[in-house]
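The values are calculated or read from the model by the stated rules, or taken from the named source; none is laboratory data. Bear in mind that the values here come from a model prediction, so they are computed numbers and not experimental data. Neighbour counts run over all protein chains shown; Cβ positions are idealised from the backbone, glycine included. The accessibility values were calculated without ligands, DNA or RNA, using every heavy atom of the protein model including side chains. Shrake-Rupley method; radii C 1.70, N 1.55, O 1.52, S 1.80 Å.
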Amino acid sequence: MLIEKTVRGFVEETFSASPVPGGGSVAALAGSLAAALSGMVANLTIGKKGYEEVQEEMKKILERAKELKDKLLEDIDKDSKAFDKVMDAFKMPKETDEEKERRKEAIQSALKEAALVPLEVAKDAEKIFEISEKVIVKGNKNAVTDGAVSCMMARTAILSALLNVKINLASIKDEEFVNKVSKEVAELEERAHKLEKEILTKVEL
């Protein structure tokens, strides 16, 4: 599993000629790191003098950050597996008309999954904005820039994941599916830019 690798091992595997991990897995990693940073700021606020009024809120943020961190961490391998399914479908036999039809259906099914996995990554990464904003505004001021990086990494995770959605949509024949997902993609992109901009204005240095 990719998530069992060392940081160096993951980076070197990404650098290699292997198509996985690719942009989708890296997007999920960016999201997991974004959540982890918000969790770190919450950790650095809990039990600290001067932040007595936000202790319970920071504990809830910490729980939420852990949920998102773990989910997005799992998505690193989930994305790579979805890509592998697409490649496996393309390798299916295509000698007879029946084989060609089965192969076509398998490819289309795998492409849909390969689009939906990064879409889910983008949706989960968007949830990080809420906690990054709270740790920026109410968290330990000595770690405010970590909250800002959390916000920026969340934006990057969203936009990166959505690029992977788009490239798969381009090969999907189901117009209803493509239109529905494309609309979600456009809305997520717009919100990501808007929310990051709004939240970063609250960073006081």
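Take the Cα of LYS81, step 7 Å along the line toward its Cβ, and report every residue of the stretch 119-158 whose backbone nitrogen sits under 15 Å from that point.
Only 121 fall inside the zone, counting backbone N under 15 Å.
Quick one: what are the phi-derived ³J(HN,Hα) couplings along the stretch 79-91, Karplus 6.51/-1.76/1.60 with θ = phi - 60°, whole Hz, x for glycine and proline?
Result, rounded to whole Hz: 5, 5, 5, 5, 5, 4, 5, 5, 4, 5, 5, 5, 7.
Can you list, largest first and rounded to whole Å, the semi-axes you get for the chain by taking the square root of 5 times each eigenvalue of its Cα gyration tensor?
Ellipsoid semi-axes (Å, largest first): 38, 18, 12.
Using a Förster distance of 45 Å, how high is the FRET efficiency between GLU74 and LYS49, based on the Cβ-Cβ distance and rounded to 0.05?
Taking R0 as 45 Å, the efficiency between GLU74 and LYS49 is 0.75.
On the full set of protein chains, 1.4 Å probe, figure out the accessible area of ARG191 and give it in Å² to the nearest 10.
100
Expected output is a single nm value to one decimal: the length gained when fully extending between GLU63 and GLU204, i.e. 0.36 nm times separation in residues minus the C-alpha distance. What is it?
Contour length minus Cα-Cα distance gives 48.2 nm.
Grab the Cα-Cα distance for GLU101 and LYS141, subtract it from 0.36 nm times how many residues apart they are, and report the gain in nm with one decimal.
Difference between extended and current length: 8.4 nm.
I'd like to know which of ALA106, GLN55, MET92 lies farthest towards the positive end of the charge dipole of the stretch 47-117, counting +1 on Cβ of Lys and Arg and -1 on Cβ of Asp and Glu.
Selected residue: GLN55.
Report the full-extension gain for the segment GLU4 to SER109: residue separation times 0.36 nm, less the Cα-Cα distance, to one decimal in nm.
Answer, rounded to one decimal: 35.0 nm.
Ordered by residue, what ³J(HN,Hα) values in Hz, to whole numbers, does the stretch 111-124 give under the Karplus form 6.51 cos²θ - 1.76 cosθ + 1.60, where θ = phi - 60° and Gly and Pro are x?
Once θ is set to phi - 60°, the couplings for the stretch 111-124 become 5, 5, 5, 5, 8, 6, 5, x, 5, 5, 4, 4, 5, 5 Hz.
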